Amino acid sequence: MYKLLSHNDLDGVSCGILAKLAFGKDVAVRYNSISGLNYEVEWFLENDSPKTSLIITDLSVNEENEKKLEEFHQAGGKVQLLDHHKTALHFNEYEWAEVIVEDEESKLTSATSLFYGYLQKYERIEPSEAISEFVELVRQYDTWEWEKNENEEARRLNALFFLLSIDEFEEKMIHRLQTNEHFFFDEFEEKLLDMEETKAERYIRCKRRELVQIKVNELFAGVVYAESYHSELGNELGKDNPHLDYIAIINIGGKRMGFRTIHDHVDVSEVAGRYGGGGHAKASGCQLTEEAYKHFVTDTFHLPSLKEDAKRNRYNMKEAPFGTLYENRSGDTFLLYPAGEDKWLIKHKQHVLKETFSSFQEGERFLKRTYEAALAKDDLFVRYLQQLINDQTSE
Ligand SMILES: [Mn+2]
């Protein structure tokens with residue numbers, strides 16, 4: 001017998017799907033949250049038959065279970081942990097663990113791609129086009145490579161995963177992978193996914209207006225409350241606000257929070273690590289601990305939401321040669337303008353700020369981080385210009 005303990009997200013559940021394709025009725029699969037895994041491991045060690053082989057995918061255990069599993073292994077028990085999270089790399093010191101973040105071709109891995117490789121290596125699964133395609137979609141989704149590759153199918157696979165119950169998803173996928181040459185979505189699923197997309201877009205549009213900005217531990221965070229569409233939301237808000245180091249998404253009901261970044265200079269697994277959580281450089285999460293609650297809820301609740309950049313401007317445009325006008329919540333204006341080669345300055349009221357910038361982007365980043373200013377609407381820009389002309393003629 002086999003027992004698979006895996007994560008309850010798309011990557012984790014896809015490991016369960018592969019396990020069932022490989023072992024059929026000889027495997028018992030349990031999906032867990034990050035914190036739930038340790039109870040399952042303890043239960044396994046205390047109650048399961050010592051002959052059962054334990055496989056753990058997409059998650060890693062706490063220190064206590066790490067020791068217990070090593071003892072179990074030393075006593076002849078069969079255990080294999082497969083993970084791809086950077087925070088689990090130290091497990092590689094054990095014979096029973098394999099943690100690989102990037103493969104030999106420096107391709108980012110997912111638990112499903114690692115497990116598929118593992119099952120093939122031990123000839124436990126008959127590889128097929130359909131399975132390989134499915135595994136690659138999961139890998140691209142889990143590593144966010146789908147975004148760069150514009151792989152909509154990968155994104156839609158994850159959306160479908162959330163629309164169905166885990167049992168339904170498992171059953172459908174197992175059947176599809178067993179009976180088809182290629183992976184595909186059926187007509188009903190396509191329709192469902194289209195409707196879901198419209199709904200997600202509306203949700204994100206609404207959340208855009210609720211984002212607040214705060215500096216925590218030297219990094220600028222955008223904080224938003226949300227119960228669903230975390231990945232998409234984190235990504236969209238991140239792209240809208242490149243001046244923010246990361247986006248923190250708070251799920252009050254779930255007493256959890258997630259972190260997302262679009263930047264290579266920020267590692268949000270470190271941010272989550274400060275609050276006892278973990279994950280990837282680009283996406284991570286933690287429990288809403290007392291400290292996390294203070295930093296991201298208590299300290300932000302009273303803040304007004306960030307002003308959004310004006311959208312349909314024709315005159316006040318970014319990087320315009322005359323300059324670009326910004327405005328903050330208190331109505332203060334800032335003109336960001338070029339002053340020679342690779343030099344940008346900011347005029348605030350009658351004064352030029354002492355800071356100089358080597359690019360427009362750098363100047364804008366400063367304005368947004370320091371003053372929470374946003375691109376002003378055309379009508380304000382026109383009034384600003386009129387005022388300027390009036391001032392000049394009256395001199
Ligand atoms: Mn994963």
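The values are calculated or read from the model by the stated rules, or taken from the named source; none is laboratory data. Quick caveat: nothing in here was measured; it's all calculated off a predicted structure. As a convention, Cβ positions derive from the backbone with ideal geometry for all residues, glycine included, and neighbour counts pool all protein chains shown.
Across the stretch 29-54, what is the total count of residues that are within 15 Å of the ligand (Cβ to nearest atom) and of a type in the set (A, V, I, L, M, F, W, C)?
Step one: filter the stretch 29-54 for residues within 15 Å of the ligand (Cβ to nearest atom), giving 31-34, 37.
Keeping just the survivors that are of a type in the set (A, V, I, L, M, F, W, C) gives 34, 37.
Residues in the stretch 29-54 being within 15 Å of the ligand (Cβ to nearest atom) and of a type in the set (A, V, I, L, M, F, W, C): 2 in total.
Mind listing just one residue for me: the one in the stretch 112-144 that is near the ligand (Cβ under 10 Å from one of its atoms) and either touching a strand residue (DSSP E or B) at 6+ places or on another chain (Cβ under 9 Å) or β-branched (V, I, T) (or both) and, of those, nearest to L157 (Cα to Cα)? Give the steps one after another, and end with the answer.
Kept after step one, since they are near the ligand (Cβ under 10 Å from one of its atoms), are these residues of the stretch 112-144: 112-114, 138-139, 141-143.
Those left that are additionally either touching a strand residue (DSSP E or B) at 6+ places or on another chain (Cβ under 9 Å) or β-branched (V, I, T) (or both): 112, 114, 138-139, 142-143.
Details: T112: 14, L114: 19, V138: 8, R139: 11, D142: 11, T143: 14 Å.
The qualifying residue nearest to L157 (Cα to Cα) is V138.
Any residue at all in the stretch 102-110 that's touching a residue at least 60 places away in the same chain (Cβ under 8 Å), on the phi < 0 side of the Ramachandran plot and within 13 Å of the ligand (Cβ to nearest atom)?
yes
Among E319, E236, which is buried (at least 20 other Cβ atoms within 10 Å of the Cβ) and farther than 23 Å from N217 by Cα? It would help to see each step written out before you state the result.
Values: E319 fails: buried (at least 20 other Cβ atoms within 10 Å of the Cβ).
So the residue among E319, E236 that is buried (at least 20 other Cβ atoms within 10 Å of the Cβ) and farther than 23 Å from N217 by Cα is E236.
Kindly indicate whether any position in the stretch 206-225 is part of a helix (DSSP H, G or I) and in contact with a helix residue (DSSP H, G or I) (Cβ under 7 Å, 6 or more places away or on another chain). Explain how you work it out, then say what you get.
Of all residues in the stretch 206-225, those part of a helix (DSSP H, G or I) come to 206-208.
Remaining after also requiring in contact with a helix residue (DSSP H, G or I) (Cβ under 7 Å, 6 or more places away or on another chain): 207-208.
Checked against the condition, which is being part of a helix (DSSP H, G or I) and in contact with a helix residue (DSSP H, G or I) (Cβ under 7 Å, 6 or more places away or on another chain), the stretch 206-225 yields at least one hit.
Look at L69 and say whether it is surrounded by 23 or more Cβ atoms within 10 Å (Cβ to Cβ) and over 28 Å from S231 (Cβ atoms).
Values: surrounded by 23 or more Cβ atoms within 10 Å (Cβ to Cβ): yes; over 28 Å from S231 (Cβ atoms): yes.
Criteria met by L69.
Could you say which residue among L233, L177, L219 is out of contact with any Gly (no Cβ under 8 Å at 6 or more places or on another chain), closer than 30 Å to I125 by Cβ and outside the structural domain of F366 (by TED's automatic domain parsing)? Let's see the steps before the verdict.
On the way: L233 fails: closer than 30 Å to I125 by Cβ; L219 fails: closer than 30 Å to I125 by Cβ.
After ruling out the rest, the residue left standing is L177.
Can you tell me which residue within the stretch 33-50, out of those that are surrounded by 11 or more Cβ atoms within 10 Å (Cβ to Cβ) and hydroxyl-bearing (S, T, Y), is farthest from L69 (Cα to Cα)? It would help to see each step written out before you state the result.
Start the filter on the stretch 33-50 by keeping residues that are surrounded by 11 or more Cβ atoms within 10 Å (Cβ to Cβ), which leaves 33-45, 48.
Then keep just the ones that are hydroxyl-bearing (S, T, Y); that gives 33, 35, 39.
On the way: S33: 19, S35: 17, Y39: 13 Å.
Restricting to residues being surrounded by 11 or more Cβ atoms within 10 Å (Cβ to Cβ) and hydroxyl-bearing (S, T, Y), the top hit is S33.
Looking only at the stretch 161-174, how many residues end up being in a helix (DSSP H, G or I), more than 16 Å from the ligand (Cβ to nearest atom) and over 17 Å from C15 (Cβ atoms)?
2
Keeping to the stretch 164-201, report how many residues are surrounded by fewer than 14 Cβ atoms within 10 Å (Cβ to Cβ), within 28 Å of G234 (Cα to Cα) and touching a residue at least 12 places away in the same chain (Cβ under 8 Å).
0
List every residue pair whose Cβ atoms lie under 6 Å apart, where the two residues are 6 or more positions apart in sequence or sit on different chains, the first residue falls within the stretch 317-333 and is closer than 14 Å to V382 by Cα, and the second residue, located anywhere, is of a type outside the set (G, A, S) and part of a loop (DSSP other than H, G, I, E, B).
T324/K318; L325/N316
Can you tell me how many residues in the stretch 1-28 are β-branched (V, I, T) and more than 16 Å from the ligand (Cβ to nearest atom)? Break it down stepwise before answering.
Of the residues in the stretch 1-28, the ones β-branched (V, I, T) are 13, 17, 27.
Checking the rest, the ones that are also more than 16 Å from the ligand (Cβ to nearest atom) come to 27.
Of the residues in that region, 1 qualify.
Is one or more of the residues making up the stretch 185-199 out of contact with any Gly (no Cβ under 6 Å at 6 or more places or on another chain), assigned to a loop (DSSP other than H, G, I, E, B) and within 30 Å of A88 (Cβ to Cβ)? Working first, answer last.
Initially, the stretch 185-199 is screened for residues out of contact with any Gly (no Cβ under 6 Å at 6 or more places or on another chain), giving 185-199.
Retained after the next criterion (residues that are assigned to a loop (DSSP other than H, G, I, E, B)): 185-186.
Those still in the list that are within 30 Å of A88 (Cβ to Cβ) too: none.
No, the stretch 185-199 has no match at all.
Restricting to the stretch 110-157, name every residue that is part of a helix (DSSP H, G or I), touching an Asp or Glu at 6+ places or on another chain (Cβ under 7 Å) and among the small types (G, A, S).
Answer for the stretch 110-157, where residues must be part of a helix (DSSP H, G or I), touching an Asp or Glu at 6+ places or on another chain (Cβ under 7 Å) and among the small types (G, A, S): A111, A130.
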